[in-house]
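**Student:** One structure is given below, represented as structure tokens, and several questions about it will come after.
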Amino acid sequence: MGIISKDIKKAVAILSAEKLVAIPTETVYGLAGNIFSENAIKSIFETKKRPFFNPLIVHIPSIENLKDIASYVPSKAQKLAETFWPGSMTLVLKKQPAIPDLVTAGKDTVAVRVPNHPITLKLLKQLPFPLAAPSANPFGSISPTKAEHVATYFENAIEQVLDGGSCENGIESTIIGFENDEPVIYRLGALALEDIEKVVGPVTLKNKKEIKPDAPGMLARHYAPNTTTYLCDSILEEIEKHQGKRIGILSFKTRFEDDRVTYQIILSEKGDLAEAMSKLYASMHNLDLQNLDIIIAERFPDFGLGKSINDRLQRATYSS
Ligand code: TXA
Ligand code: MG
């Protein structure tokens, strides 16, 4: 794990040399490069094995920098940015002509956010350019919420993982676009839908599992462990169906006393959705290492952050 370090100066040097650094954010770790460097952006796509049609999120140090990225900011977007930045919300807005096509996959819009992590904010303030950063995982696998996860994925491919500890929120940002100036949710995420609606009123949800999604993070199979995973309402009924297998359980708050269970993770014994969300991906990584035949995950209550957790579980699993 020799590439993990807290050295911000080193990160500045690597990024200024048009190479990549994995950066901590409050959602997940990102694989970051200079948005204006063709070399850096190409190597983000190559390192992740991510298709070029899937655009990147631009990370800026402050709301003051938004005018350099977006050419037009609807009033509800401005209000959301003022309320939630720095934070786990990405806005999709009309782009400034200077934003390279490689970053936006040729779209005339750009995704942008101010992340809420002290180390990465410090880094962004020292750089003369914004950072494009997708989640720091190979395309299709679980996003990293610890520096060690990134090192395991990319030990030989990048020079530094800037260590910022465990990501506090633990799933990706909520993505909001604008259609006729009205907010549309393209991806559920770490900022709850209800919190957004308190600020701008009702929003449309377009977070479907589509073949040709608006935000490719919406692809049906995504964020998936290697172990076959099932999502269900009744864990006990699901266990019945898989007799004789090595079964792992991922539950919200309940412990299952059952001889047929080999390994079990409870996301929040006190039933706190934010705590469960923060541990979700690390728990999937952990379950994947237990040499199980299957993982059974429990469906969450369908409100607040539970909705976002269910979205990620659905993409990681076969529903039953
Ligand atoms: O929390 C996060 O958002 C993390 C951290 C590192 O900031 N980043 C992240 O990036 O999740 P990524 O690349 O894994 O997901 C970005 C999503 C993709 O689904 C992409 O399709 C969508 O943002 N996106 C980017 N630009 C877009 C655009 N112009 N229009 C619609 N969707 C866009
Ligand atoms: Mg991702």
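**Student:** Mind checking whether some residue in region 46-63 is in contact with a Cys (Cβ under 8 Å, 6 or more places away or on another chain) and either among the hydroxyl-bearing types (S, T, Y) or outside the structural domain of Y281 (by TED's automatic domain parsing) (or both)?
**Tutor:** Checked against the condition, which is being in contact with a Cys (Cβ under 8 Å, 6 or more places away or on another chain) and either among the hydroxyl-bearing types (S, T, Y) or outside the structural domain of Y281 (by TED's automatic domain parsing) (or both), region 46-63 yields no hits at all.
**Student:** Being touching a Pro at 6+ places or on another chain (Cβ under 8 Å), surrounded by fewer than 20 Cβ atoms within 10 Å (Cβ to Cβ) and part of a helix (DSSP H, G or I) is the filter here, so list the residues in region 11-44 that pass it.
**Tutor:** The answer is E38, and nothing else.
**Student:** If you don't mind, another one. Would you confirm whether any residue within region 134-144 is more than 13 Å from ligand 2 (Cβ to nearest atom) and in the same structural domain as L91 (by TED's automatic domain parsing)?
**Tutor:** No; the residues of region 134-144 include none that is more than 13 Å from ligand 2 (Cβ to nearest atom) and in the same structural domain as L91 (by TED's automatic domain parsing).
**Student:** Another one. For region 164-177, does any single residue satisfy the condition of being over 30 Å from D272 (Cα atoms), touching a residue at least 40 places away in the same chain (Cβ under 8 Å) and either in a strand (DSSP E or B) or more than 16 Å from ligand 2 (Cβ to nearest atom) (or both)?
**Tutor:** no
**Student:** What's the total number of residues in region 44-59 that are over 19 Å from Y186 (Cβ atoms) and touching a strand residue (DSSP E or B) at 6+ places or on another chain (Cβ under 7 Å)?
**Tutor:** 3
**Student:** If you check I44, I63, which single one turns out to be of a type in the set (A, V, I, L, M, F, W, C) and in contact with a Gly (Cβ under 7 Å, 6 or more places away or on another chain)?
**Tutor:** Just one listed residue meets the conditions, I44.
**Student:** Let me ask something else. Determine if region 119-126 includes at least one residue that is surrounded by fewer than 18 Cβ atoms within 10 Å (Cβ to Cβ), of a type outside the set (A, V, I, L, M) and under 24 Å from A192 (Cβ atoms).
**Tutor:** No, region 119-126 contains no residue that is surrounded by fewer than 18 Cβ atoms within 10 Å (Cβ to Cβ), of a type outside the set (A, V, I, L, M) and under 24 Å from A192 (Cβ atoms).
**Student:** Okay, moving on. Which one is surrounded by the fewest Cβ atoms within 10 Å (Cβ to Cβ), of the residues in region 227-279 that are part of a loop (DSSP other than H, G, I, E, B) and touching a residue at least 40 places away in the same chain (Cβ under 8 Å)?
**Tutor:** Checking each candidate, the answer is D233.
**Student:** Could you check region 292-320 and list, in sequence order, the residues that are of a type in the set (V, I, T) and in contact with a Leu (Cβ under 9 Å, 6 or more places away or on another chain)?
**Tutor:** Selection gives I295, I296, I309, T317.
**Student:** Conditions first: (1) more than 16 Å from ligand 2 (Cβ to nearest atom); (2) on the phi > 0 side of the Ramachandran plot. K49 passes all but one, so which condition is the exception?
**Tutor:** Checking K49 against (1) more than 16 Å from ligand 2 (Cβ to nearest atom); (2) on the phi > 0 side of the Ramachandran plot, the one that fails is (1).
**Student:** Specify which of the listed residues (A133, A111, A147) is in contact with a Gly (Cβ under 6 Å, 6 or more places away or on another chain) and aliphatic (A, V, I, L, M).
**Tutor:** Being in contact with a Gly (Cβ under 6 Å, 6 or more places away or on another chain) and aliphatic (A, V, I, L, M) holds for just one of A133, A111, A147, which is A133.
**Student:** So if I check each of N156, N116, which one is under 22 Å from K9 (Cα atoms) and without any contact (Cβ under 8 Å) to a residue 24 or more places away in the chain?
**Tutor:** The unique qualifying residue is N156.
**Student:** Taking the conditions exactly as written (within 12 Å of ligand 1 (Cβ to nearest atom) and touching a Pro at 6+ places or on another chain (Cβ under 7 Å)), does N169 satisfy them or not?
**Tutor:** no
**Student:** Right, something else. I'd like to check something: does region 280-292 contain any residue that is surrounded by fewer than 21 Cβ atoms within 10 Å (Cβ to Cβ) and assigned to a strand (DSSP E or B)?
**Tutor:** no
**Student:** Name the residue, out of V110, V73, V103, that is away from ligand 2 (no atom under 16 Å from the Cβ) and closer than 29 Å to K49 by Cα.
**Tutor:** V110
**Student:** Hey, another quick one. For region 161-179, enumerate the residues that are in contact with an Asp or Glu (Cβ under 8 Å, 6 or more places away or on another chain) and surrounded by fewer than 21 Cβ atoms within 10 Å (Cβ to Cβ).
**Tutor:** Residue satisfying the conditions is E168 alone.
**Student:** Sticking with this one: Yes or no: L188 more than 27 Å from S43 (Cα to Cα), assigned by TED's automatic domain parsing to the domain that holds V28, within 15 Å of ligand 1 (Cβ to nearest atom) and under 14 Å from the mean Cα position of the chain (by Cα)?
**Tutor:** Spelling it out, L188 is indeed more than 27 Å from S43 (Cα to Cα), assigned by TED's automatic domain parsing to the domain that holds V28, within 15 Å of ligand 1 (Cβ to nearest atom) and under 14 Å from the mean Cα position of the chain (by Cα).
The values are calculated or read from the model by the stated rules, or taken from the named source; none is laboratory data. Nothing here was measured: the structure is a model prediction, and the numbers come from that model. Neighbour counts run over all protein chains shown; Cβ positions are idealised from the backbone, glycine included.
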